[in-house]
Amino acid sequence: MQFTWQHQGQPMSMKRFLTTHAISMRTIKAVKHGTGAFLVNDQVQTGAITIHDGDRAGIQLPDEAPDTAVAVSEQPIQVEYEDANWLVINKPAGLTSVPGPSNRTDTLVNRIKGYLIASHASNQRPHLITRLDRDTSGLVLVAKHRVAQGMLTEPRIAAQLVKTYQAWIEGTITPASGTIDRPIGRVADSPRRVVTTAGQRAITTYQVEATQLPHNVSRVRLELVTGRTHQIRVHLTALGHPLLGDALYDGNLAWIQRQALHAVSLQFFDPFSEQTLHFEAALPADLRALNHD
């Protein structure tokens, strides 16, 4: 795979040129140490490289072979968007994001691998940028190669990744909008997380969208500023309003049997096209039912 850009302006080093295009230092070091090549005007260059006005420069890297430790699943995925660099997938509830001790053969990563192989993709090692708990549905962003993954770790680009969720809770949060800024930490010998002063800082913003739903249920829209494990679930539980159906955090199971949480929209800056991309995922049937029962 090859990525090049045309330079306009004063001369600069190859390193500076690449970092201005969000190529990570990790990738630059890999090329420098022999994994790939630096290109200037379609010619491989070595040593100290200077990029001049009008030059087209960049990097060339080998395609990424599939990870042999990851099993292939031929089960389907719902692709909302795809180009040479990104996949946006609408994950169903009940599907684990990454392989682990309890499931190594049919997770979202296994399915994406199967999809990439079946479509004869050049790069067959997916990189999950966002991930969701098994029983949370909605949008997941996947980088199709390590260059794209590295670009989204660049702070100015990472700051433009916006993940929005819809959640259903019992009761009503007061005030109707605000920011939850409470640290989250582990619970010994449990998958649960809790708000604790010993935890990592965690920030969630929220807005109550509807308070007149049946059975004293509210629909809430939330955005993650940080990305801690179970962050929305823990923050809502700390406010006294756990998600409906969230058995781990004592949510009410009367109306739904999984946590009522959906990653409804995803927005990020694509450094390849230099455009902001925005996606939305329709609610699955079990969550739509909470609005009408």
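The values are calculated or read from the model by the stated rules, or taken from the named source; none is laboratory data. Bear in mind the structure is a predicted one, so any value in this text is a computation, not a measurement. All Cβ positions, even for glycine, are placed from backbone atoms using ideal geometry, and neighbour counts span all protein chains on display. Calculation scope for accessible area: heavy atoms of the full protein, side chains included, ligands and nucleic acids excluded. Shrake-Rupley method; radii C 1.70, N 1.55, O 1.52, S 1.80 Å.
The table below lists the values:
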read-out	value
Given charges at beta-carbon only (K, R positive; D, E negative), |dipole| of region 215-282 in Debye	280
Potential extension, Asp42-Asn216 segment - 0.36 nm per residue separation minus Cα distance	56.2 nm
Global geometry of region 182-293, whether rounded, prolate or oblate, following the gyration tensor of its Cα atoms and the 1.5 cut on a/c	oblate
Centroid-to-centroid separation of region 248-293 and region 89-146 [C-alpha atoms, Å]	17
For the chain, alpha-carbon Rg and Dmax in angstrom	21.8, 69
Lys pairs under 26 Å by Cα in the chain, provided they are eight or more residues apart or on distinct chains	11
Average accessible surface area per residue within region 126-190, 1.4 Å rolling probe, Å²	43
Of all accessible heavy-atom area on the chain, the percent that carbon and sulfur account for (1.4 Å)	47
Accessible area in the full protein assembly, largest first, 1.4 Å probe, for Ser265, Ser177	Ser177, Ser265
